[in-house]
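Okay, structure first, notes after.
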Amino acid sequence: MTIDRIVFAVAGTLVLLSVVLTLAFSPWFLAIAAFVGTNMLQSAFTKFCPLAVILRRAGGGPFAEKEDPELAQCLTTPGVTRALVPIPSANEPVLRTF
């Protein structure tokens with residue numbers, strides 16, 4: 001499962017949990033759904049998702065191996081904290097920090 005799919009799965013789970021908790025206990029649990037929705041909206045415009053950053057720093061998972069082999073090599077090389085990795089759409093190197 002890629003990081004993007006994990007992010008969507010977590011967001012969907014939190015929204016559904018929020019609805020269930022709202023129906024069972026208090027309407028204040030809708031704040032969870034509002035927070036998730038706001039985060040997804042800002043992520044669409046800024047391309048920054050805090051959960052994706054956390055997941056990448058936690059190991060990258062299949063994202064690094066399947067979608068970006070050079071990034072996977074950098075993540076598995078001891079002592080490497082920065083790498084030049086080309087963006088697939090632009091073919092220009094970008095400095096990524098892990």
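The values are calculated or read from the model by the stated rules, or taken from the named source; none is laboratory data. Computed from a predicted structure; not experimentally measured. Cβ placement follows ideal geometry from the backbone for every residue including glycine, while neighbour counts extend to all protein chains displayed.
Computed quantities for the displayed model
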{"item": "Residues within the stretch 21-50 that are of a type in the set (A, V, I, L, M, F, W, C) and surrounded by fewer than 16 Cβ atoms within 10 Å (Cβ to Cβ), tallied", "result": "13"}
{"item": "Condition check for Ser18: at pLDDT 55 or above, surrounded by 16 or more Cβ atoms within 10 Å (Cβ to Cβ) and among the polar types (S, T, N, Q)", "result": "yes"}
{"item": "Cβ-Cβ under 6 Å pairs, at least 6 apart or on other chains, the stretch 1-26 side under 23 Å from Arg56 (Cα atoms), far side surrounded by 14 or more Cβ atoms within 10 Å (Cβ to Cβ) and of a type in the set (Phe, Trp, Tyr)", "result": "Thr2/Phe63; Ile3/Phe63"}
{"item": "Positions within the stretch 27-40 being within 12 Å of Ala11 (Cα to Cα) and more than 12 Å from the chain's Cα centre (by Cα), in sequence order", "result": "Ile32, Ala33, Ala34, Phe35, Val36, Gly37, Thr38"}
